[in-house]
Amino acid sequence: MKILLQPLGSLDTSVLKYVASGLREVYSNIEFHVSSKPLQLPEVFYDRKRGQYVSPLIVEYLRRWVEDTRCIHDKVLGIMDADAYTPGLNFVFGEAELGGKTAVIYLARLKPSFYGTSASQRVFLERCLKEAVHELGHTLGLKHCATPRCVMRFSNSIYDTDFKSYYFCPRCTEVLWNLGIQAKSFK
Ligand SMILES: [Zn+2]
Ligand SMILES: [Zn+2]
């Protein structure tokens, strides 16, 4: 399986590099490719009143883009340095098509500066990786998991993201294993 990491708009390359190498460690038999060309999104996806992007429109746009470009990749993970929401939720850290081809993560609320704290760059990068592993887990068919430290646990807030690991629980790992995906689990 091949997965493309696609920047949506401008993105710090250190994030891309860290997320790509972390994903390669977690999903050991998936090939991750990094796009060097950011994809620019239409302005209409930005909700001026809220100051946020509309996540479902972005996921849908990316899915069409993958189809139109006859992308050689099985899945694509969009990475966007912005804030987004989905109807019914004030914000999302990311969104994915369950069992589908497309996932997106949004970085604005993963930054320590958003919360007025001075946590390290390392904490920020780990949050990005956790959300990337999580959203791709959804595209592989995994739903949310109740195990506290499992990466598939739903994050309601940044505290949940910080609490969980970027590894799967043994049960989620087994589900992936049965699909032919080798993924790291914590003990
Ligand atoms: Zn989720
Ligand atoms: Zn789990």
Most mobile of Glu97, Glu31, Glu126 in a GNM of the chain (Cα contacts under 10 Å): Glu31
If each residue of separation counts as 0.36 nm, what is the full-extension length gain between His144 and Asn156 once their alpha-carbon separation is subtracted? 3.1 nm
State the extension gain, in nm to one decimal, for the chain segment bounded by Thr69 and Lys37, taking 0.36 nm per residue of separation less the distance between their alpha-carbons. 10.1 nm
Between Ser118 and Glu60, what is the label-point separation in nm under the 7 Å Cα-to-beta-carbon projection? 4.5
So which cysteines in the chain don't have a second cysteine's C-beta under 4.7 Å from them? Cys71, Cys128, Cys172
What 222 nm value per residue comes from the helices of the chain, counting each DSSP H run with n ≥ 4 as -39,500 (n - 2.57) and dividing by all residues, nearest 500 deg cm²/dmol? -10000 deg cm²/dmol
Nearest 5 percent is fine: what portion of the DSSP beta bridges confined to segment 2-177 is antiparallel? 30
Cut-off 10 angstrom, C-alpha nodes, Gaussian network model of the chain. Which of Arg149, Arg127, Arg64 fluctuates the most? Arg64
Could you please rank Arg122, Arg70, placing first whichever residue has the fewest other Cβ atoms within 10 Å of its Cβ? Arg70, Arg122
Counting other beta carbons within 10 Å of each residue's own, what order do Leu23, Leu39 fall into, fewest first? Leu39, Leu23
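Mind running the shape call on segment 2-177? Use the C-alpha gyration tensor, a ≥ b ≥ c as the square roots of the eigenvalues: rounded below 1.5 for a/c, prolate if a/b tops b/c, oblate otherwise. Intermediate values should be presented prior to the final figure.
Details: a/c = 1.37, a/b = 1.06, b/c = 1.29.
It is rounded, given that a/c, with a ≥ b ≥ c, falls under 1.5.
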Give a residue-ordered list of calculated ³J(HN,Hα) values for segment 157-168 (Karplus: 6.51 cos²θ - 1.76 cosθ + 1.60, θ = phi - 60°; whole Hz; x for Gly, Pro). 8, 5, 5, 5, 4, 5, 6, 7, 9, 9, 10, 8
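I need the peptides 78-85, 171-178 ranked by packing, meaning the mean over residues of other C-beta atoms within 10 angstrom, with the highest value on top. Kindly include the intermediate steps, with their values, before the conclusion.
Working: 78-85: 22.6, 171-178: 15.5.
Order by mean packing, descending: 78-85, 171-178.
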Amide H of Leu107 versus every other amide H placed in the peptide plane: which residues, excluding those fewer than 5 positions away on the same chain, fall under 5 Å? Met80, Asp81, Ala82
Can you tell me which of Gly116, Gly141, Gly51 moves the most in a GNM of the chain? Springs connect C-alpha atoms under 10 Å apart. Gly116
Around Val92, which amide H atoms from residues at least 5 apart in sequence, or from another chain, sit under 5 Å from its own amide H, with H modelled in the peptide plane? Ala84, Tyr85, Thr86
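Rounded if a/c is under 1.5, else prolate if a/b beats b/c, else oblate: with a ≥ b ≥ c from the C-alpha gyration tensor eigenvalues square-rooted, which is segment 91-187? Let's see the in-between values first.
Values: a/c = 2.28, a/b = 1.62, b/c = 1.41.
Here segment 91-187 falls in the prolate category.
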Using 7 Å Cα-to-Cβ label points, what is the Lys187/Ser21 separation (nm, one decimal)? 2.6
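Please find the FRET efficiency linking Arg48 to Asn178, where r is the Cβ-Cβ separation and R0 is fixed at 30 Å, and quote it to the nearest 0.05. List each step's numbers first, then the result.
Details: r = 45 Å, r/R0 = 1.52.
For R0 = 30 Å, the calculated efficiency reads 0.10.
Throughout, read-outs are computed from the coordinates displayed, never taken from laboratory work. Note that the coordinates shown come from a computational prediction; the quantities given were computed from them, not determined experimentally. Cβ coordinates were reconstructed from backbone atoms using ideal geometry, including for glycine residues, and neighbour counts include every protein chain displayed.
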